[in-house]
1. For D45 and E25, compute 0.36 nm times the residue count separating them, minus their Cα-Cα distance, and round to one decimal in nm.
2. Provide the net charge surrounding G9, with neighbours chosen by a C-beta distance below 10 Å and charges set as Lys +1, Arg +1, Asp -1, Glu -1.
3. Below 12 angstrom from the Cβ of E37, what's the summed charge of the other residues (Lys, Arg +1; Asp, Glu -1)?
4. Given the stretch 1-86 reduced to its alpha-carbon atoms as identical point scatterers, what log10 I(q)/I(0) does the Debye formula return at q = 0.12, 0.14, 0.19, 0.24 Å⁻¹?
5. In nm, give the distance between the simple-model label positions of N82 and A66, each being 7 Å from the Cα along the Cα-to-Cβ direction.
Amino acid sequence: MKIQFRIRGLNANASLRGWLAKQLERLHNLIPVSTAEVVLERERDTAPAFRARVRLAVPGPDIHAAARDNTLEAAWLKVAKNLSQQIVRRKMRRQFRHKGKRKHPLTAGRWSGTPVAARI
């Protein structure tokens, strides 16, 4: 995965970039990510000073998220949570789109059309 950082208004050291890369690797475990563009900004004249934006290039439409908060960590956690929710939602849609997976797995029997609860 190729990661491109754009950091404005902050002192970007190697530990910050390493921490962000580690967080993005967790997302890479959920879905194959070819490139990630990360933008971190600190604007001193706005109320929530920190803003984080991420765009992930994945198979299919790209996934992106943005958030603002009073600390960089809080803004990043909001973005990471939003991205992981989008990835899980996309996986679930794909799973239920397949022909044999249309029925909910807890209510449908394995080989018959009768629900599991009715057979018990």
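What follows draws every value from the coordinates through simple rules; no lab data is involved. Worth saying up front: this structure is predicted, and the values here are computed from it rather than measured. In this analysis, Cβ positions are derived from the backbone assuming ideal geometry, glycine residues included, and neighbour counts consider all displayed protein chains.
1. On the way: separation 20, 0.36 × 20 = 7.20 nm, distance 3.27 nm.
Length difference between fully extended and current span is 3.9 nm.
2. On the way: positive: R8, R42, R44, R51; negative: E41, E43.
Summing Lys and Arg as +1 and Asp and Glu as -1 gives +2.
3. Details: positive: K2, R6, R53, R55; negative: D62.
With Lys, Arg at +1 and Asp, Glu at -1, the neighbours total +3.
4. Once normalised to I(0) and log-transformed, intensities are -0.32, -0.44, -0.80, -1.23.
5. Using points 7 Å along Cα→Cβ, the separation is 0.8 nm.
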